[in-house]
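Single-structure report; data block below.
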Amino acid sequence: MARDLDTQLLESVRVRRIRLGDAFVHGSLAARRTLNNNVRRLLVGLMVAALAGASCAGTSLVREHFHLSSAASLTAVTPAAATGAAR
């Protein structure tokens with residue numbers, strides 16, 4: 001039982017020293033969390049912007065494809081109708 005308490009005490013001291021060292025090197029916990037949250041927000045914003053751009057490009061591609069195919073079908077019908085009218 002005493003051994004478990006000693007192990008817990010040593011572990012808590014080790015964790016506290018690591019946390020104090022991190023606070024000394026990287027600053028307070030609030031400052032570290034703010035930086036991480038802002039970077040995460042920036043990355044999520046960039047992913048949303050990339051997704052929106054890809055969606056717009058894909059929509060434009062599909063609309064252009066349908067526009068060209070409908071224009072091609074109209075031009076394919078028009079010369080045949082013109083030759084039939086000329087006879």
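The values are calculated or read from the model by the stated rules, or taken from the named source; none is laboratory data. Small disclaimer: the values here were computed from a predicted structure and weren't measured. All Cβ positions, even for glycine, are placed from backbone atoms using ideal geometry, and neighbour counts span all protein chains on display.
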ask   = So which residues in segment 1-35 are modelled with pLDDT under 85 and exposed (fewer than 10 other Cβ atoms within 10 Å of the Cβ), if there are any at all?
value = 1, 2, 3, 28, 30
query = Can you find even one residue in segment 43-60 that is out of contact with any helix residue (DSSP H, G or I) (no Cβ under 9 Å at 6 or more places or on another chain), in a helix (DSSP H, G or I) and at pLDDT below 90?
reply = no
